[in-house]
Amino acid sequence: MRLVFVGPPGAGKGTQAKIVCAKCNIPQISTGDMLRAAKAADKLPQDLIQRMAAGALVPDSVVVDLIDARTRGVDCDRGFLLDGFPRTVPQAEALDAMLRARGFKLDRVVALEVPRAMLIERAVLRRTDKRTGQIYHLKYSPPPPGADLEHRPDDREDVVERRLATYEAMTAELLPYYESLRILNRIDGVGSVDQVSDRIFAVLGAAK
Ligand code: AP5
């Protein structure tokens, strides 16, 4: 199964991707996580660090190259879930070409939809365990005592606002693109994590 999760910052892509990937036994590939890992390893150029900190996208060619290399891994033979990629039509076209050249195609694109005010609350109160990558929320899924928590620098409210504006401007054409290919499913992302994953498994036609 080759899947894409699309949605604004804080929509729950990472949270739901982990659940689906564990169940379907496919890797979760998050361009945001890959870029943050490159930054932590001092391998991300300064201009890209600044773009991320400002809530802007990095250039298409950077993420396309990351995805091209990562999806060649043997763990991707059975499929994968792309979380946060593609975000623009040129990225989507590059992904289509990449998969076509390997004799594959995307099976489904899941777009998580959540009202703006809720997105800001979800992102600002998000905390991630540095050791396990587990995603928590200070109000809705509080971390256990002793967790080694990280607050993403781009989860400050002013940066989240800018990321939302970037999403709206850059991703506006992406959903119609996938709609025209008839592989898009819009999912209501409001409700408990369990309720949202029930909706996703229903459209994937997979048992939870
Ligand atoms: P990225 O890391 O991809 O960030 P994002 O898309 O903005 O998404 P988030 O990680 O903020 O949110 P999420 O939807 O995964 O939500 P989560 O599950 O954590 O990108 C970061 C940056 O990298 C970009 O700004 C850009 O600079 C760059 N970049 C990355 N990809 C790129 C690309 N393709 N092209 C160009 N640049 C790129 O949930 C959020 C919170 O809500 C958590 O606390 C969670 O516990 C909570 N929560 C989740 N579900 C629920 C629920 N149902 N109820 C209550 N709380 C919930």
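The values are calculated or read from the model by the stated rules, or taken from the named source; none is laboratory data. Model, not experiment: these values are computed from the prediction. All Cβ positions, even for glycine, are placed from backbone atoms using ideal geometry, and neighbour counts span all protein chains on display. Side chains included, ligands, DNA and RNA excluded: accessible areas come from the protein's heavy atoms. Shrake-Rupley method; radii C 1.70, N 1.55, O 1.52, S 1.80 Å.
Yes/no per residue for (1) at pLDDT 95 or above; (2) more than 8 Å from the ligand (Cβ to nearest atom); (3) part of a helix (DSSP H, G or I):
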position	(1), (2), (3)
P8	yes, no, no
T15	yes, no, yes
D33	yes, no, yes
D75	yes, yes, yes
Problem - Among the residues listed as P45, P86, P115, P27, the single one being farther than 29 Å from D194 by Cα and not hydrophobic (A, V, I, L, M, F, W, C) - result: P45
Handout entry: Failed item, numbered, when P59 is tested on (1) surrounded by fewer than 18 Cβ atoms within 10 Å (Cβ to Cβ); (2) within 21 Å of R127 (Cα to Cα); (3) near the ligand (Cβ under 10 Å from one of its atoms)
Key = (2)
Exercise for the section: Determine whether segment 28-37 contains at least one residue that is without any contact (Cβ under 8 Å) to a residue 24 or more places away in the chain, farther than 19 Å from D107 by Cβ and small (G, A, S). Expected result: yes
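Is it the case that some residue within segment 167-179 is away from the ligand (no atom under 13 Å from the Cβ), open to solvent by 50 Å² or more (accessible area, probe 1.4 Å) and part of a helix (DSSP H, G or I)?
Let us first name the residues in segment 167-179 that are away from the ligand (no atom under 13 Å from the Cβ), namely 172-173, 175-179.
Keeping just the survivors that are open to solvent by 50 Å² or more (accessible area, probe 1.4 Å) gives 172-173, 176, 179.
Still in the list and also part of a helix (DSSP H, G or I): 176, 179.
Checked against the condition, which is being away from the ligand (no atom under 13 Å from the Cβ), open to solvent by 50 Å² or more (accessible area, probe 1.4 Å) and part of a helix (DSSP H, G or I), segment 167-179 yields at least one hit.
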Completion exercise
L184: passes all of (1) open to solvent by 60 Å² or more (accessible area, probe 1.4 Å); (2) over 22 Å from A56 (Cα atoms); (3) at pLDDT 95 or above but (1)
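With the structure loaded, tell me whether D47 is free of Cβ contacts under 8 Å to residues at least 40 places away in the same chain, in a helix (DSSP H, G or I) and either open to solvent by 50 Å² or more (accessible area, probe 1.4 Å) or within 11 Å of the ligand (Cβ to nearest atom) (or both) or whether it fails that test. Break it down stepwise before answering.
Values: free of Cβ contacts under 8 Å to residues at least 40 places away in the same chain: yes; in a helix (DSSP H, G or I): yes; either open to solvent by 50 Å² or more (accessible area, probe 1.4 Å) or within 11 Å of the ligand (Cβ to nearest atom) (or both): yes.
It is true that D47 is free of Cβ contacts under 8 Å to residues at least 40 places away in the same chain, in a helix (DSSP H, G or I) and either open to solvent by 50 Å² or more (accessible area, probe 1.4 Å) or within 11 Å of the ligand (Cβ to nearest atom) (or both).
Filter segment 125-168 down to residues that are hydrophobic (A, V, I, L, M, F, W, C) and within 13 Å of A54 (Cα to Cα), then give me how many there are. Steps first, answer last, please.
Start the filter on segment 125-168 by keeping residues that are hydrophobic (A, V, I, L, M, F, W, C), which leaves 125, 135, 138, 147, 149, 159-160, 164-165.
Still in the running and within 13 Å of A54 (Cα to Cα): 159-160, 164-165.
Residues that pass the stated criteria total 4.
Can you tell me which residue in segment 180-208 is nearest to G7 (Cα to Cα), limited to those that are part of a loop (DSSP other than H, G, I, E, B) and within 11 Å of the ligand (Cβ to nearest atom)? Break it down stepwise before answering.
Going through segment 180-208, the residues part of a loop (DSSP other than H, G, I, E, B) turn out to be 181-183, 189-192, 205-208.
Retained after the next criterion (residues that are within 11 Å of the ligand (Cβ to nearest atom)): 189-192.
Working: G189: 9, V190: 13, G191: 16, S192: 17 Å.
Among those residues, the one meeting the criterion is G189.
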Completion exercise
Residue pairs within 8 Å by beta carbon, gap of at least six or interchain, first lying in segment 81-100 and hydroxyl-bearing (S, T, Y), second in a helix (DSSP H, G or I), listed first then second, are T88/D60; T88/M170; T88/T171; T88/L174
Exercise for the section: Filter segment 85-101 down to residues that are open to solvent by 10 Å² or more (accessible area, probe 1.4 Å) and either of a type in the set (G, A, S) or in a helix (DSSP H, G or I) (or both), then give me how many there are. Expected result: 9
